[in-house]
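The values are calculated or read from the model by the stated rules, or taken from the named source; none is laboratory data. As the structure is a computational prediction, the values presented were derived from the model and not from experiment. Don't worry about glycine lacking a Cβ; one is built from the backbone with ideal geometry, like all the others, and counts go over all protein chains shown. Remember, those area values only see protein heavy atoms, side chains included, never the ligands or the DNA or RNA. Shrake-Rupley method; radii C 1.70, N 1.55, O 1.52, S 1.80 Å.
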Amino acid sequence: MASAEILSIGTELLLGHVLDTNSQFLARELAVLGIDCFFRSTVGDNKSRIKEAAKAALTRADILITTGGLGPTADDLTTETLAEIFDAPLDFDREVLSKIESYFAASRFPMPESNRKQALRPRGADILPNANGTAPGMIWKLNESLLSKLHIPGKQKVILTFPGVPQELYAMWKETAKPFLEHYFSGETIWSCQLKHFGIGESALAQKYEHLLNLANPTVAPYAGFGECRLTVTAKGKTEAEAKVIAQPVIEEILQTSGTHCYGFDNETLESATAKLLIAQNKTLAVAESCTGGLISQRLTDIPGSSAYTKSNAVTYSNEAKMTLLNVPENILVQHGAVSPECAEAMAKGILNLAKTDIGLSVTGIAGPDGGTADKPVGLVYIGIATKDKCSNTKLVLPSQLSRANIRQRAANTALNMVRVLLLEQNS
């Protein structure tokens, strides 16, 4: 089976000014092709270090994929550095130069002389076209003779170079690079899916599925982040369909065992899972928010078609707003305070009656970094949920050292999950 290594080039990546989403995209795409990716590395705009990283990659992998360093400026060094490694002359590609000139003519800007360097390619390399920018990449098939110059074992290896602009890279991959690799390096397909969980910790999830974690094909791996966790099931097969068949028994076992803890697959979110249930059951939801400041409402209404299930939401930050809009009794606020189970339930009932929906949801708490006391510390949140027949609350105590944004995010996650579980229970 072929293997690839991804080399991201750019000092801005090392400084943290730019997030390297290109490597993530390429790693996923390589897996679909059944091409293993064992190493990913990042190097700055320095010719000697690019050479060192590229040589090391070629000794380990059949395919070297680079991103970045194809622009017109002096610190864009990828093409000339790779040419120097193999002592290959750089030739002007007249067709590429013509396309670059046409690109500037269409934009009505004069072409800087520096852009001419983007039409250079090492002798023997083919152009990897870029229809969305001025920086083409290259596909360079290295034969045994070229490899032997660097004492690199192998009869043939391939270098593919891409610009750092993600949208340009995505199009170049789809249109040219992926078909090329499918033709030259056919192998097993790797397929994976994530089963997303909420309301159970990573260690508890790993313990529940300990008997699955040492499987060879498919593999199962737990991951955690942002107050939720997931199990990634990965399978190999001759085709994607075969890989899915291999993974299916394990996926079915997880779904059956996890129950309501598993809320969806891959890109599904708590809000999209909740929205799907609301639409399927033809029910509506109204939200009254205090400490989350409209975050839940935003997440619910970010989903297209949200008017089917959300009618009227309210951000009632002050006590006055809670009393005026939601009819929260003043004595509750005086006796128990805004951050209390009594207030959360009163807010949920208030928004339910105001919006005339099937479910009323409320959140009130202390998101920090200030405002906490010994009795009510930063991170204390109460969530209320009401229907015409029932009203209840949940107490959430989050670590006070979390950021304000993180506390609000986790509170919103818990609130959305409460609605999701309620809908599942009502439908069972």
### Task
Along Cα→Cβ, 7 Å out, is where each label goes; now give me the distance between the ones at Asp389 and Ile127 in nm to one decimal.
7.0 nm
### Task
Would you please put 135-141, 280-286, 374-380, 405-411 in order of how densely packed they are, using the mean number of other Cβ atoms within 10 angstrom per residue and starting with the highest?
135-141, 405-411, 280-286, 374-380
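Express the C-alpha Rg of segment 6-49 as a ratio against the empirical globular expectation 2.2 N^0.38 Å, rounded to two decimals. Please report the intermediate quantities before stating the final value.
Values: Rg = 11.7 Å, N = 44, 2.2 N^0.38 = 9.3 Å.
Expressed relative to 2.2 N^0.38 Å, the Cα Rg reads 1.26.
Report the FRET efficiency, 1/(1 + (r/R0)^6), for Val397 and Ser428, where r is their Cβ-Cβ distance and R0 is 35 Å, rounded to 0.05. List each step's numbers first, then the result.
On the way: r = 29 Å, r/R0 = 0.83.
Efficiency, from the Cβ-Cβ distance: 0.75.
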### Radius of gyration, Dmax [segment 169-253; alpha carbons; angstrom]
16.0, 45
### Message
I need the shape label for segment 261-416. Rule: rounded when a/c is under 1.5, else prolate if a/b > b/c, else oblate, with a, b, c from the alpha carbon gyration tensor.
### Response
oblate
### Query
Which distance in Å, rounded to a whole number, links the C-alpha centroids of segment 313-339 and segment 236-294?
34 Å
### Query
Peptides 10-23, 234-247: what's the order by average Cβ count within 10 Å, highest mean first?
234-247, 10-23
### Message
Give me the 1.4 Å probe accessible area per residue for the chain, excluding ligands and nucleic acids, in Å².
### Response
48 Å²
### Task
Go ahead and collect, in residue order, the members of segment 216-239 whose backbone nitrogen is under 11 Å from a label point 7 Å along the Cα-Cβ direction of Ile200.
229-231
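Take every DSSP beta bridge with both residues inside the chain and express the antiparallel ones as a percent of the total, to the nearest 5. Let's see the in-between values first.
Working: 44 of 69 bridges.
In the chain, approximately 65 percent of DSSP beta bridges are antiparallel ones.
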### Considering only segment 212-371, percent of DSSP beta bridges that pair antiparallel, nearest 5
45 percent
### Query
When we measure straight from the Cα of Lys196, which lysines land under 27 angstrom away, once same-chain ones fewer than 8 places off are left out?
Lys208, Lys236, Lys238, Lys244, Lys276, Lys283, Lys395
### Paramagnetic reach from Ser114 (point 7 Å along Cα→Cβ, amide N under 16 Å) across segment 146-180
164
### Shape metrics for the chain, restricted to C-alpha atoms - Rg then Dmax, Å
27.8, 86
#### Entry: Gln24/Phe226 FRET efficiency (R0 22 Å; Cβ-Cβ; nearest 0.05)
0.85
### Task
Go ahead and estimate [θ] at 222 nm for the chain from helices alone: -39,500 (n - 2.57) per DSSP H run with n ≥ 4, summed, over the residue count, rounded to 500.
-12000 deg cm²/dmol
### Message
For segment 147-298, take N as its residue count and report Rg(C-alpha) divided by 2.2 N^0.38 Å.
### Response
1.44
### Query
Does segment 54-211 come out rounded, prolate or oblate, given a ≥ b ≥ c as the square roots of the eigenvalues of its C-alpha gyration tensor, rounded meaning a/c under 1.5 and, failing that, prolate meaning a/b above b/c?
oblate
### Summary
If the chain between Ser3 and Glu320 were fully extended at 0.36 nm per residue, the gain over the current Cα-Cα distance would be 107.8 nm
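Report the rotationally averaged projected area of segment 122-220 based on its alpha-carbon convex hull, in square nanometres. Mind showing how you got there, number by number?
Values: hull surface 42.4 nm².
Spelled out: convex hull of the Cα atoms, projected over all directions, averaged, 10.6 nm².
Please work out the FRET efficiency for the pair Ala74 and Leu215, using the Cβ-Cβ distance as r and a Förster radius of 45 Å; give the result to the nearest 0.05.
Values: r = 51 Å, r/R0 = 1.13.
The calculated FRET efficiency here is 0.30.
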### Task
Calculate the radius of gyration of the Cα atoms of segment 1-142 to one decimal place, then report Dmax, the largest Cα-Cα distance, as a whole number, both in Å.
15.5, 48
### Message
Report the Cα centroid-to-centroid distance between segment 400-427 and segment 152-173 in angstrom, as an integer.
### Response
42 Å
### Task
Please list, or write none, the aspartates and glutamates whose alpha carbon is within less than 20 Å of the alpha carbon of Lys388, excluding same-chain residues fewer than 8 places away.
Glu289, Glu342, Glu345, Asp358, Glu425
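Order the peptides 382-389, 61-68, 253-260, 412-419 from the highest to the lowest mean number of other Cβ atoms within 10 Å of their residues. Write down the numbers at each step before the final one.
Values: 382-389: 20.8, 61-68: 25.2, 253-260: 13.9, 412-419: 23.8.
Highest-to-lowest ranking by the protection proxy: 61-68, 412-419, 382-389, 253-260.
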### Chain lengthening between Leu90 and His336 when straightened (0.36 nm per residue, less Cα-Cα)
80.9 nm
### Task
Could you please state how large a percent of the accessible area of segment 11-139 is carbon and sulfur, counting protein chains only and using a 1.4 Å probe?
52 percent
